[in-house]
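A short worksheet on the structure shown next.
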Amino acid sequence: MIVVADTTPINHLIWVGEIFILKELFGWIIIPAVVHDELLAEETPDAVKSFMTDPPDWIEVRSVDHLFDSDLNVLDRGERDAIILAEELKADYLLIDEKLGRTIAARRNLRIIGTLGIADQAAEEGLIDFSATLSKLKANEFYVSLELEKFFLERDEARKRLRG
């Protein structure tokens, strides 16, 4: 499985101590070099910088050849490079949160999943408690609309009822 990640899902999952779920769900994650740089930027939380200073071997950093693509110029560098890399590698998934990036990626027929979708899959696999992870995310500047939060919490409640 080929999975390419943008900055925000990696950042948020490290920040709340749940980064391991990426390895458990996908085995291997590829990030563009610019995403790696963003995760080491001065304004990045210390826990994230510490983790990304010596990332585990299941996170691979790759350079991206920049081809001019006016459709991607509205995105930040991390989103742009993640989309380009996902297309180049014919990725199974692109991990991305930002709405505009998700919209453009979907138009390009990339399969996308965001931080909440990742957490939902991890909860489905029994790796995490979804509601506890959502609470940690929200406490660490993660934005989620009330409608989306309600959707995922209802899924989580249904999952818990089924498991008894």
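FYI, it's all coordinate maths here, none of it is from the lab. Small disclaimer: the values here were computed from a predicted structure and weren't measured. Note that each Cβ is placed from the backbone with ideal geometry, even for glycine, and that neighbours are counted across all protein chains shown.
Between E42 and E24, residue separation times 0.36 nm minus the direct Cα-Cα distance comes to 3.6 nm. Maximal additional length on extending the V61-A106 stretch stands at 13.9 nm, based on 0.36 nm per residue less the C-alpha distance. Taking only the C-alpha atoms of the chain, Rg followed by Dmax gives 15.6, 53 Å. Pairs spanning more than 30 Å between alpha-carbon atoms, out of K90/K150; K90/K160; K90/K136; K49/K136; K90/K138; K49/K150: K90/K150; K90/K160; K90/K136; K90/K138; K49/K150. Electrostatic bookkeeping for D65 treats Lys and Arg as +1 and Asp and Glu as -1; over the other residues with beta carbon under 15 Å from its beta carbon, the sum is -1.
For the stretch 82-95, 3J(HN,Hα) computed residue by residue from phi via the Karplus equation (6.51, -1.76, 1.60; θ = phi - 60°) reads 5, 5, 4, 5, 4, 5, 4, 8, 6, 4, 6, 9, 10, 8 Hz, glycine and proline entered as x.
One decimal place: the segment D54-L148 gains 30.5 nm when fully extended, by the rule 0.36 nm per residue minus the C-alpha distance. Of the residues I29, A106, I96, the one whose Cα sits farthest towards the positive end of the charge dipole of the chain is A106 (charges of +1 on Lys and Arg Cβ, -1 on Asp and Glu Cβ, taken about the Cα centre). What relative contact order, as a whole-number percentage, does the stretch 24-129 give when Cα pairs under 8 Å and 6 or more residues apart are counted? The value is 23 percent.
I'd like the distance separating the alpha-carbon centroids of the stretch 1-71 and the stretch 115-142, in whole Å. Distance between centres, Cα-based: 18 Å. Could you compute the net charge surrounding F142? Neighbours are other residues with a C-beta less than 11 Å from the C-beta of F142; K and R count +1, D and E count -1. Every neighbour counted, the sum reads -1. Partners of K99 within straight-line reach, counting aspartates and glutamates whose Cα lies under 20 Å from its Cα and excluding those fewer than 8 residues away in the same chain: D6, E38, D69, D71, D76, E79, D81, E87, D120, E141, E147, E149.
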